[in-house]
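See below for the structure under consideration.
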Amino acid sequence: MNSTDVRIGIIRIEGTNCEQEIFDTFRALDTNPEMVHLKQLIGNCSPSMGRDLDDYHMIVFPGGSSAGDYVRAGAIFAARIRNKLGPEIQNFIASGKPVLGIGNGFQVLLELGVLPSPDDAMIDKPQAALHTNESARFECRPTYLKHENHGKCLFTSQLPRGEMVLFPCAHAEGNLKFHIEEEEEMLRLLEENDQIVFRYVDPDGNYAGYPWNPNGSIDNIAGICNSEGNVLGLMPHPERVIFRYQHPDWTRDQDFNAPGDGRVIFTSALEHIVKHY
Amino acid sequence: MVKVDIRIKLKHGVADPEGENTHKTLDLLGFEGIKSVKTVKLFEIEIDAEPEQAKEAAEEMCRRLLANPVIQTFRIDLK
């Protein structure tokens with residue numbers, strides 16, 4: 001398949017943001033992205049606006065504060081999806097197509113029970129939570145991430161293991177938590193299944209806690225994938241660093257139009273789609 | 001008509017940064033002797049149903065939307 005035939009669905013409801021950055025990224029990669037409202041997928045629209053998940057090779061849940069972050073971040077978006085689109089999402093994931101959740105999108109995937117899902121089944125209740133940041137503040141700044149995946153996650157296939165990247169974070173609820181009594185077992189399962197994708201580190205690549213870990217997330221985890229590697233959720237925003245000029249130190253670069261650190265997430269997914277569909 | 005109060009609390013052992021920050025601020029404002037501050041979210045819901053059905057519905061609401069069982073517990077009171 002050519003990249004121009006690749007269709008990407010960026011799913012939005014009220015309060016989502018960064019859809020435009022994701023859209024522009026996929027446009028820059030010569031694919032065919034579309035922003036689609038949840039109502040278009042559940043038939044709550046005029047027939048010509050209706051869309052089907054199967055229309056897309058990949059779907060993205062963007063960042064933001066969907067439904068005002070009321071109840072809990074991502075909870076309302078997830079409940080609406082589960083209620084009207086549960087089996088379709090489940091089939092989409094089971095087919096192996098890529099699903100990406102960034103920031104609030106990660107919160108949606110956790111609330112849906114799609115992540116971390118070490119036994120690979122979408123269940124009807126969350127197995128993890130993204131709790132209020134330990135600092136009790138909205139943390140908005142660049143964060144260093146270390147790529148920890150051994151090859152399971154299709155979104156980082158082009159990024160060598162151990163490499164550091166700089167993605168901006170912008171969230172108030174990014175503190176990954178498991179059931180207290182299951183914490184160690186869950187971490188062991190995630191390691192064993194190669195589901196940990198990114199951890200927060202300091203500029204030297206060490207696990208260093210706050211402020212390098214902006215939210216107090218368990219084991220410094222910033223992003224995880226499902227056990228099949230086709231669903232990735234992460235709190236920091238790769239779509240905000242697609243060009244070098246979007247990095248804070250961009251003036252020190254020779255070529256500020258060169259790719260930014262975040263682009264590799266999207267090119268890795270695209271490579272997977274072009275190869276498999 | 002039944003009035004239902006649903007309280008969503010953090011589970012024992014889960015840190016409550018909002019409560020801790022509020023505690024710190026109350027200390028700064030000069031309030032003395034505060035032992036702890038915990039945040040609780042309260043939903044007041046009116047349901048046109050028998051009390052038993054209303055309670056069942058409220059439990060279902062907690063499971064499907066209002067509480068994340070990983071970090072939260074809920075309490076339902078019928079009025």
request  = Check off (1) closer than 21 Å to A:Glu182 by Cα; (2) more than 17 Å from the chain's Cα centre (by Cα) for A:Pro116 and give me the number that stays unchecked.
outcome  = (2)
ask   = Counting just the residues of region A:228-253 that are open to solvent by 60 Å² or more (accessible area, probe 1.4 Å) and in a helix (DSSP H, G or I), which one comes out nearest to A:Ala128 (Cα to Cα)?
value = A:Arg240
Those residues of region A:125-156 which are more than 14 Å from chain B (Cβ to nearest Cβ), among the hydroxyl-bearing types (Ser, Thr, Tyr) and surrounded by fewer than 18 Cβ atoms within 10 Å (Cβ to Cβ), in sequence order = none
task = Considering only region B:41-77, state which residues are more than 13 Å from the chain's Cα centre (by Cα), in contact (Cβ under 8 Å) with a residue 12 or more places away in the chain and open to solvent by 100 Å² or more (accessible area, probe 1.4 Å).
result = B:Glu46, B:Asp48, B:Glu50
Residue satisfying all of: in region B:1-40; farther than 20 Å from A:Tyr70 by Cα and basic (Lys, Arg); most open to solvent (accessible area, probe 1.4 Å) among these = B:Lys35
inquiry  = For region A:51-85, which positions are more than 16 Å from A:Gly9 (Cβ to Cβ) and surrounded by fewer than 15 Cβ atoms within 10 Å (Cβ to Cβ)?
reply    = A:Gly68, A:Tyr70, A:Asn83
ask   = Which residue pairs have Cβ atoms closer than 7 Å, lie 6 or more positions apart in sequence or on different chains, and pair a first residue in region A:1-18 that is under 21 Å from A:Phe92 (Cβ atoms) and in contact (Cβ under 8 Å) with a residue 24 or more places away in the chain with a second residue that is open to solvent by 30 Å² or more (accessible area, probe 1.4 Å) and aliphatic (A, V, I, L, M)?
value = A:Met1/A:Val274; A:Ser3/A:Val274; A:Val6/A:Val274; A:Ile10/A:Met35; A:Arg12/A:Met35
ask   = If you check A:Ala94 against the conditions, is it surrounded by fewer than 17 Cβ atoms within 10 Å (Cβ to Cβ), among the hydrophobic types (A, V, I, L, M, F, W, C) and either touching a helix residue (DSSP H, G or I) at 6+ places or on another chain (Cβ under 7 Å) or over 23 Å from A:Cys18 (Cβ atoms) (or both)?
value = yes
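The values are calculated or read from the model by the stated rules, or taken from the named source; none is laboratory data. Predicted model only: the values in this text are computed from it and were never measured. Here Cβ is always computed from backbone atoms with ideal geometry, including for glycine, and neighbour counts include all displayed protein chains. Heavy atoms of the whole protein, side chains included, go into the accessibility calculation; ligands, DNA and RNA do not. Shrake-Rupley method; radii C 1.70, N 1.55, O 1.52, S 1.80 Å.
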